[in-house]
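Here's the structure, in structure tokens; my notes come after.
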Amino acid sequence: MSSWAQPPPPPGAQTMTYTYPNHNAAYTAVPVRQGFGQAYQAQPQVAYSYSPHPSASSPSSTTTADSQPQQQQKFDWPDSVRRYVQRSFQSSNLDPSVSRAEMEAKLKDTIRYSQDTGTMYTTDWDSMPLPQALVKNERQQVLMQPMTTQPIVKAPAASKASTNTSKKRKSSDLSETGQANDAPAPAPWRVAKGPSLGDRITRPSMDGPLQGKSKSQKNAEKRQRRGDGGYQSTYRSPSPEPRGGARKGPIVGLNQTLLKQYFRLTSEPKAKDVRPLHILIQTVELLKKKWRQESNYHFICDQFKSVRQDLTVQHIRNDFTVSVYEIHARIALEKGDLGEYNQCQTQLRALYKAGLKGNPIEFKAYRILYFIHTANHIALNDAIADLTLAEKEERPIKHALDVRSALALGNHHKFFQLYLDVPNMGAYLMDKFVERERLAALASFCKAFRPSLKLRHITEELGFESDTEAAQFIIDQNGQELLKEDKDQIIFDCSKAGTLFDTARAGAFSRVDLKGQI
């Protein structure tokens with residue numbers, strides 16, 4: 001120790017010592033020059049004392065001593081977490097495809113995440129998936145990745161920084177960076193080892209026209225969607241995350257009331273407001289009696305929609321469900337409510353495909369006549385293509401196919417013969433488009449018969465019940481001047497009709513009066 005070393009500290013003072021391998025100064029401190037006129041002055045070298053052992057009263061030793069009791073404290077685990085761990089290692093829950101090491105690692109990650117995020121006491125551990133199920137889920141997500149997916153290699157910090165400076169950053173990169181810094185870390189059971197299935201689905205851009213499809217093809221697809229029961233938007237809003245105490249599965253109704261008004265659901269249904277299956281069966285029997293006695297369609301339609309809603313929220317799909325939709329569809333046909341009939345028809349098609357019993361032959365025939373009315377040729381061809389050879393020989397379907405064939409060939413005589421002999425309730429559907437076919441037939445009569453035609457012939461050929469009904473139909477089309485009396489009969493003057501019925505026919509074929517369709 002040199003003679004100019006620092007004197008020893010007074011008693012009771014803390015000594016801050018530094019450790020160096022030798023006593024020689026490693027460098028010479030140079031003060032900052034305040035100007036160019038200032039002369040340089042060398043500073044004396046200061047030697048630092050070496051102390052191999054720090055003082056016992058140093059702050060670092062005090063901090064270390066204080067932290068050791070904190071680390072040795074035991075964490076008070078909730079009972080739900082203990083039960084979750086016990087349930088994970090039960091022999092009945094073990095999976096031979098998942099090793100014990102993998103299960104323990106996933107279990108530690110799950111519990112550590114809830115501890116770090118402060119959600120250990122609020123998490124529903126009783127419904128939490130077991131670690132072996134989480135491991136299998138991650139494996140499944142990895143298997144769903146395409147074979148061409150390249151492994152993601154993490155670059156060092158230096159190379160990452162050089163890459164960011166060498167390339168221009170896009171706006172998407174900025175947004176992703178901000179989201180990555182602000183968003184909380186996802187739970188370990190929601191972390192996938194690769195891109196999710198939604199990220200790997202290629203969706204067409206909505207900003208420009210669809211490539212690979214012509215305008216006629218897109219219009220054909222729109223018409224097909226309309227024929228299958230209305231537009232179905234391709235957009236799906238993201239489903240909210242289920243709450244910890246949310247109910248799983250369908251509910252079981254507790255309401256014992258037979259008649260209940262229909263209300264559109266705006267929240268999760270409650271069991272006290274839903275009728276069980278045996279009550280719904282009694283309700284349908286009561287509604288059938290009321291329909292025969294009162295024929296109040298608005299009341300019956302409202303009650304049937306309420307029954308259908310209770311069946312839907314309870315996930316009841318059986319033969320009784322089919323009968324409810326069939327009865328409601330027949331009543332809607334009888335009252336001409338094709339909008340409600342179309343909803344029932346769409347549900348019945350799905351129920352028949354599920355193998356449930358009912359009357360598929362009857363309603364497949366209605367479906368063909370319905371598409372003839374809406375002039376939906378693409379959906380009509382699809383419905384015919386789905387028929388088997390045995391179904392085509394059934395009388396209702398054979399009649400509907402004959403109607404289509406007669407209209408395609410312009411055979412008005414055969415069409416109106418089929419109109420007068422319709423099985424089941426198909427006449428209600430044919431009533432919707434028989435008027436436009438009568439206009440088409442009259443337009444053909446005016447070109448084929450000259451100079452006049454007996455009104456009785458029009459009555460028989462166009463399926464009118466009387467001459468009075470046929471004459472009124474012509475008058476409704478502003479053709480009263482074409483009717484003349486000749487002796488004991490009425491004559492229809494074809495030579496003066498001109499384009500009257502051609503114009504009326506074009507107007508009738510250009511519109512379809514149906515709720516929800518054009």
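Remarks
- Anisotropy class of region 367-518 from Cα gyration tensor, a/c 1.5 cut: prolate
- Per residue, region 377-467 exposes an accessible area of 52 Å² to a 1.4 Å probe, with every protein chain left in place.
- About its Cα centre, region 384-518 has a charge dipole of approximately 440 debye under the convention of +1 per Lys or Arg Cβ and -1 per Asp or Glu Cβ, with nothing else charged.
- Share of carbon and sulfur in the accessible heavy-atom surface of region 299-344 [1.4 Å probe, %]: 46 percent
- Using 0.36 nm per residue and subtracting the Cα-Cα separation, the extra length available between SER405 and ASP302 on full extension is 33.3 nm.
- FRET efficiency estimate (nearest 0.05) - Cβ-Cβ, LYS414 to GLU294, R0 35 angstrom: 0.30
- Taken along the Cα-to-beta-carbon direction at a fixed 7 Å, the label points for LYS353 and ALA508 span 3.5 nm.
- By average C-beta atoms within 10 angstrom, highest first, the peptides 310-319, 84-93: 310-319, 84-93
- Contour excess over end-to-end distance, with Cα ends at LYS272 and LEU94 and 0.36 nm allotted per residue: 60.2 nm
- Taking Lys and Arg as +1 and Asp and Glu as -1, the other residues whose beta-carbon sits under 15 Å from that of THR283 total +3.
- Model label sites at ARG82 and ARG317, defined 7 Å from Cα along the beta-carbon direction, differ in position by 4.5 nm.
- Prolate/oblate/rounded call for region 467-509, Cα gyration tensor, a/c under 1.5 rounded: oblate
- Added length on full extension, which subtracts the Cα-Cα distance from 0.36 nm per residue, LEU258 to GLU334: 24.9 nm
- Lysine pair number, Cα distance threshold 13 Å (strictly under), region 365-518, separation 8 or more or different chains: 4
- Hits among aspartates and glutamates - C-alpha to C-alpha of LYS357 under 15 Å, sequence gap 8 or more where chains match: ASP319, GLU326
The values are calculated or read from the model by the stated rules, or taken from the named source; none is laboratory data. Predicted model only: the values in this text are computed from it and were never measured. Quick reminder, even Gly has a Cβ in these numbers, built from the backbone with ideal geometry, and neighbours come from all protein chains shown. These area figures cover heavy atoms from the full protein model, side chains too; ligands, DNA and RNA do not enter into them. Shrake-Rupley method; radii C 1.70, N 1.55, O 1.52, S 1.80 Å.
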